Amino acid sequence: AKAPMRVAVTGAAGQIGYSLLFRIANGDMLGKDQPVILQLLEIPDEKAQKALKGVMMEIDDCAFPLLAGMTAHSDPMTAFKDADVALLVGARPRGPGMERKDLLEANAQIFTVQGKALDAVASRNVKVLVVGNPANTNAYIAMKSAPNLPAKNFTAMLRLDHNRALSQLAAKVGKPITSIEKLCVWGNHSPTMYADFTHATVDGQPAKALVNDEAWTKDVYLPTVGKRGAAIIEARGLSSAASAANAAIDHVRDWVLGTNGKWTTMGIPSDGSYGIPEGIMFGFPVTTENGEYKIVQGLQIDAFSQERINLTLKELQEERDGVKHLVG
Ligand code: NAX
């Protein structure tokens with residue numbers, strides 16, 4: 001039997017945690033033959049710790065065959081010990097009257113502490129996925145706070161955007177999700193993201209020619225994908241949780257187990273590809289193999305795409321500049 005993998009999850013008593021933990025323990029993320037140990041982090045607050053205990057009671061009650069252990073933590077230094085995978089879901093939500101700048105700073109503080117803890121105690125091969133918003137900038141801060149870990153181990157979640165882009169395109173062309181390849185989402189996990197199907201195929205045929213509707217692309221598709229989070233809040237009264245958990249599972253599963261040559265989207269530190277400055281945490285089209293991702297190279301970027309990529313890049317650079325004084 002395989003040795004268990006240690007999976008640390010922050011914000012474990014939150015909404016996303018409530019969908020995510022059960023699926024990890026069920027083997028949906030690392031494979032049906034891979035035992036896991038869950039190391040769960042919540043804030044020291046008594047209510048949060050109690051809620052976490054409640055979630056752990058339910059996980060116990062599932063009697064998951066693959067669950068080889070589970071611990072509760074209020075300190076990242078113990079939660080991240082020897083972690084093979086770290087899902088950083090917990091973040092400071094935007095409170096009433098809170099400025100964007102305050103939100104960035106509150107989160108910068110959390111992700112500095114957590115980056116340092118990962119640096120100190122996690123496995124040297126730890127795969128980190130940041131879900132908590134602003135996800136790209138939080139991932140950037142954690143990466144910068146962990147100078148002894150490879151920068152490439154830090155990623156941000158664009159997969160929910162990718163999956164939203166897939167499902168909207170599939171509905172438009174009236175074909176199953178599985179018929180679509182080579183779709184990607186560039187940039188920031190925010191409404192400025194650019195869902196790009198200019199390279200995509202549907203059953204091997206160019207998606208662009210099949211859609212052949214520029215007005216729909218600009219006025220319906222991109223806004224629908226870009227503002228989907230707000231539409232879910234409006235409809236459900238709560239932000240996306242099960243779909244976010246599902247995307248986190250997809251992201252890590254593909255990173256660890258490979259995409260067999262197929263494209264997906266990951267937020268990763270740029271290596272300078274496509275003119276994105278090195279180190280910026282940016283959504284790119286990638287393929288994965290043997291636990292490593294690779295940016296899809298050599299794509300022709302048309303003028304409209306370039307304009308959209310520049311916009312989302314600009315936003316990310318502003319976010320980064322807003323926290324520069326906090327990051328070493
Ligand atoms: P919840 O507010 O339900 O849960 C967050 C949990 O994190 C809370 O239990 C809180 O106590 C805990 N927490 C806060 N700070 C912490 C810290 N420093 N260490 C450990 N735990 C901490 O939010 P939920 O709906 O689960 O969403 C979590 C995060 O995901 C939010 O930041 C949200 O904005 C973000 N999202 C990101 C998405 C993405 O695609 N990247 C999509 C979904 C989601 O909106």
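Here are some notes:
- Residue within segment 59-70 that is in contact with a Lys or Arg (Cβ under 9 Å, 6 or more places away or on another chain) and more than 18 Å from Thr137 (Cα to Cα) present: yes
- Which numbered condition Leu326 misses (of (1) farther than 20 Å from Ala108 by Cβ; (2) among the aliphatic types (A, V, I, L, M); (3) open to solvent by 60 Å² or more (accessible area, probe 1.4 Å)): (1)
- Selected residue (criterion: least open to solvent (accessible area, probe 1.4 Å)) from residues of segment 1-40 that are more than 16 Å from the ligand (Cβ to nearest atom) and within 14 Å of Glu58 (Cα to Cα): Ala25
- Restricted to segment 112-125, and to residues there that are open to solvent by less than 10 Å² (accessible area, probe 1.4 Å) and small (Gly, Ala, Ser), the residue that is nearest to the ligand (Cβ to nearest atom) is Ala117.
- Scanning segment 84-106 for residues that are at negative phi and either exposed (fewer than 12 other Cβ atoms within 10 Å of the Cβ) or touching a Ser or Thr at 6+ places or on another chain (Cβ under 6 Å) (or both) yields Asp84, Leu88, Val89, Gly90, Gly95, Pro96, Glu99, Lys101.
- Odd one out for Val211, checked against (1) open to solvent by 10 Å² or more (accessible area, probe 1.4 Å); (2) closer than 20 Å to Lys262 by Cβ: (2)
- Once segment 160-200 is narrowed to residues that are in contact with a strand residue (DSSP E or B) (Cβ under 6 Å, 6 or more places away or on another chain) and more than 28 Å from Asn136 (Cα to Cα), the residue that is most open to solvent (accessible area, probe 1.4 Å) is Lys175.
- Helices (runs of 4 or more DSSP H) within segment 126-211 that include 2 or more residues touching a residue at least 24 places away in the same chain (Cβ under 8 Å), closer than 30 Å to Ala79 by Cβ and within 12 Å of the ligand (Cβ to nearest atom): 135-144, 159-173
- Only a single item in (1) part of a strand (DSSP E or B); (2) in contact (Cβ under 8 Å) with a residue 24 or more places away in the chain is not met by Glu315, and it is number (1).
- Every pair of residues 6+ apart whose Cβ atoms lie under 7 Å, when the first sits in segment 85-101 and is touching a residue at least 24 places away in the same chain (Cβ under 8 Å) while the second is of a type in the set (Lys, Arg) and surrounded by 15 or more Cβ atoms within 10 Å (Cβ to Cβ): Val85/Lys127
- Positions within segment 106-125 being over 15 Å from Met77 (Cα atoms) and in contact (Cβ under 8 Å) with a residue 40 or more places away in the chain, in sequence order: Ala108, Gln109, Asn125
The values are calculated or read from the model by the stated rules, or taken from the named source; none is laboratory data. What you see is a predicted model, and the numbers here were worked out from it, not measured in a lab. Counting neighbours? That spans all protein chains shown, and the Cβs are built from the backbone with ideal geometry, glycine included. These area figures cover heavy atoms from the full protein model, side chains too; ligands, DNA and RNA do not enter into them. Shrake-Rupley method; radii C 1.70, N 1.55, O 1.52, S 1.80 Å.
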